[in-house]
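Presented below is the structure to which this report refers.
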Amino acid sequence: MFIGDGLGSANRSSLLSISGAYQEATGALAQLGIYTSDSAAQNKGGSLVFGGDAGGGTTRTYFAGIAGVKENTTSGNYAGVMKFYTRPSGSTPVERLRITSSGKVGINNTNPQGHLDIRTTNDDDAIRLVNTSTGDNGIQWWNEYGGLTKRASMDYGEGDANFDIKLFRA
């Protein structure tokens with residue numbers, strides 16, 4: 001099915017294609033809108049799921065999903081969050097990532113307190129950074145207030161096999 005400009009166009013690449021002039025997501029219009037018909041309430045909004053045959057041949061299930069929902073219970077307050085779900089085998093979908101209305105990102109955390117808040121409940125690494133090229137590996141912290149200034153770094157140098165933590169003064 002094709003909806004939009006050039007109805008019947010041979011240039012579509014999916015079973016459902018929607019075409020139209022670009023609509024900035026900050027505006028009132030969009031190429032596609034998914035809305036709830038529920039009364040306004042926290043955690044209500046539009047959602048989209050991705051799924052297919054789980055192996056039984058006729059039973060469809062969903063494997064992952066995205067939801068955009070109201071963040072609060074305040075009438076007239078439009079603050080919203082974006083939630084991303086995945087589904088473990090034999091279980092119901094679980095929220096894995098959330099972006100709040102203030103731009104905070106929570107991974108395995110529905111109430112992030114920092115700009116990036118990662119939680120883990122097992123022995124897995126919370127963050128894993130892998131450098132696949134030669135050279136030093138590391139993390140650097142910078143402060144942009146009053147000019148970009150390096151504040152700290154953790155480096156594992158390729159040549160000397162030392163792990164260095166450096167703090168810098170203003």
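The values are calculated or read from the model by the stated rules, or taken from the named source; none is laboratory data. These numbers come from a predicted model, not from an experiment. We place every Cβ from the backbone using ideal geometry, glycine too, and count neighbours over all the protein chains shown. To get the accessible areas, we keep the full protein, side chains included, count just its heavy atoms, and leave off ligands, DNA and RNA. Shrake-Rupley method; radii C 1.70, N 1.55, O 1.52, S 1.80 Å.
Note on Ser89 and Asp38: the extension gain reaches 15.4 nm, defined as 0.36 nm multiplied by sequence separation minus the Cα-Cα distance.
Within the accessible area of segment 33-126, the carbon and sulfur atoms contribute 50%, probe 1.4 Å, all protein chains present. A viscosity of 1.567 mPa s and a temperature of 4 °C, combined with the Kirkwood radius over C-alpha pairs in the Stokes-Einstein formula, give segment 20-94 a diffusion coefficient of 89 µm²/s.
Answer rounded, prolate or oblate for segment 60-136, using the Cα gyration tensor with square roots of eigenvalues a ≥ b ≥ c: rounded when a/c is under 1.5, else prolate when a/b is larger than b/c, else oblate.
It comes out oblate by the Cα gyration axes.
Which of the lysines could a cross-linker bridge to Lys83, judged by Cα under 19 Å and excluding same-chain residues fewer than eight apart? Output for Lys83: Lys44, Lys70, Lys104. Per-residue Karplus couplings for segment 90-102, computed as 6.51 cos²θ - 1.76 cosθ + 1.60 with θ equal to phi - 60°, are listed in order as x, 9, 8, x, 10, 5, 10, 9, 9, 10, 7, 5, 8 Hz, Gly and Pro entered as x. Where a ≥ b ≥ c are the square roots of the eigenvalues of the C-alpha gyration tensor, would you call segment 85-127 rounded, which needs a/c under 1.5, or, failing that, prolate if a/b is larger than b/c, or oblate? Oblate, because a/c is 1.5 or more while a/b does not exceed b/c. For Arg128 and Ala54, the difference between the fully extended length at 0.36 nm per residue and the C-alpha to C-alpha distance is 23.6 nm. Rounded to the nearest Hz, the phi-derived 3J(HN,Hα) couplings of segment 77-85 under the Karplus curve 6.51 cos²θ - 1.76 cosθ + 1.60 (θ = phi - 60°) are 8, 8, 4, x, 10, 10, 10, 10, 10, where x marks glycine and proline.
Counting only DSSP beta bridges whose two residues both lie in segment 34-143, roughly 90 percent are antiparallel. Taking amide H atoms as placed 1.01 Å from N in the peptide plane, the amide H of Ser19 lies under 5 Å from those of Ile3, Gly4, Asp5, each 5 or more residues away in sequence or on another chain.
For the listed peptides 55-61, 105-111, a ranking on the average number of other beta carbons within 10 Å per residue, highest first, reads 105-111, 55-61.
Ranked by the mean number of other Cβ atoms within 10 Å of their residues, highest first, the peptides 144-152, 42-50 come out as 42-50, 144-152.
The slack in the chain from Ile118 to Ala21, taken as 0.36 nm per residue of separation less the alpha-carbon distance, amounts to 31.2 nm. In this simple spin-label approximation, Tyr156 and Phe168 carry label points 7 Å from Cα along the Cα→Cβ vector, and these lie 2.3 nm apart. Calculated FRET efficiency, Asn143 to Asn77, Cβ-Cβ distance, R0 = 35 Å: about 0.60 to the nearest 0.05.
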